[in-house]
Amino acid sequence: MQAIVKEKRAPGLTVKSVPKPAPGPGEVLIAVRHAGVCGTDLHIADWNPWAQGRIKPPIVVGHEFAGEIESVGDGVTGLRAGHLVTAEGHIVCGHCLQCRTGNSHICQNTRIIGVDRDGAFAEYITMPATNVLTLDGGTIPTEVGAIMDPMGNAFHTVLTGGRDSRQHRFHCGVRTDRLFCGRHRARGRRDEGHRLGCESQASRARRHNGRARHDQRKQG
Ligand SMILES: [Zn+2]
Ligand SMILES: [Zn+2]
């Protein structure tokens with residue numbers, strides 16, 4: 001199959017043929033129909049300091065996607081070929097203390113597709129069935145389903161951010177998650193706004209620093 005690959009420890013990405021994956025037990029094989037480009041992908045392409053410390057080439061990049069299930073592995077129930085789906089790209093271990101106590105979102109063994117293991121900028125990707133979400137019986141098109149990852153970031157931020165306007169800031173910009181009006185905790189700093197397509201270097205640096213504290217697991 002064709003895929004977009006970070007081939008070596010240097011700037012750039014390569015379109016090349018790679019082996020088509022096969023679903024293992026508990027996994028599904030998804031034919032990718034739509035994918036989104038995240039800031040994380042650009043950092044990997046640019047080979048910035050974060051990417052240099054995190055990415056181990058060769059790896060297929062991309063983590064925002066939706067597609068159609070082509071086949072399912074042993075033990076998978078409730079999902080079958082033909083289902084339109086998207087998937088949560090953080091794959092947790094299921095065995096550590098955090099996972100066993102219902103806190104898998106902070107699993108220390110989390111592996112992110114397109115960052116720690118092969119991702120979605122490919123014709124096919126395998127995912128654990130437990131990470132897969134159906135697109136409401138096919139009523140949500142895959143070009144919409146592919147936006148689940150950044151939408152989830154923004155919605156989670158808003159829903160957990162509280163209501164004290166002095167402790168929060170509002171983001172609205174061209175980055176996908178900010179199109180969903182993510183409101184981030186400012187931690188005592190002044191409120192800050194980003195206009196569509198218009199962001200100064202200083203503003204970008206402040207935002208970047210805040211984001212790094214907000215989510216240290218993935219830079220984007
Ligand atoms: Zn992303
Ligand atoms: Zn875990």
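Would you mind stating whether Ile55 is surrounded by fewer than 18 Cβ atoms within 10 Å (Cβ to Cβ), of a type outside the set (Lys, Arg) and in contact with a helix residue (DSSP H, G or I) (Cβ under 6 Å, 6 or more places away or on another chain)?
The answer is no for Ile55.
Residues checked against (1) without any contact (Cβ under 8 Å) to a residue 24 or more places away in the chain; (2) farther than 21 Å from Ile140 by Cα; (3) not assigned by TED's automatic domain parsing to the domain that holds Asp136:
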{"residue": "His43", "(1), (2), (3)": "no, yes, no"}
{"residue": "Pro57", "(1), (2), (3)": "no, yes, no"}
{"residue": "Val61", "(1), (2), (3)": "no, yes, no"}
{"residue": "Val76", "(1), (2), (3)": "no, yes, no"}
{"residue": "Leu84", "(1), (2), (3)": "no, no, no"}
{"residue": "Ala87", "(1), (2), (3)": "no, no, no"}
{"residue": "Ile91", "(1), (2), (3)": "no, yes, no"}
{"residue": "Arg111", "(1), (2), (3)": "yes, yes, no"}
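Inspect all residues belonging to region 84-94 and state whether any of them is more than 25 Å from His34 (Cα to Cα) and over 15 Å from the mean Cα position of the chain (by Cα).
Checked region 84-94: at least one residue is more than 25 Å from His34 (Cα to Cα) and over 15 Å from the mean Cα position of the chain (by Cα).
If I filter region 100-119 for residues that are away from ligand 2 (no atom under 12 Å from the Cβ) and touching a Phe, Trp or Tyr at 6+ places or on another chain (Cβ under 6 Å), do I get at least one hit?
No, region 100-119 contains no residue that is away from ligand 2 (no atom under 12 Å from the Cβ) and touching a Phe, Trp or Tyr at 6+ places or on another chain (Cβ under 6 Å).
The values are calculated or read from the model by the stated rules, or taken from the named source; none is laboratory data. Remember, it's a predicted structure, so these values are computed and weren't measured experimentally. No Cβ is skipped: glycine too gets one built from the backbone with ideal geometry, and neighbour counts run over all protein chains shown.
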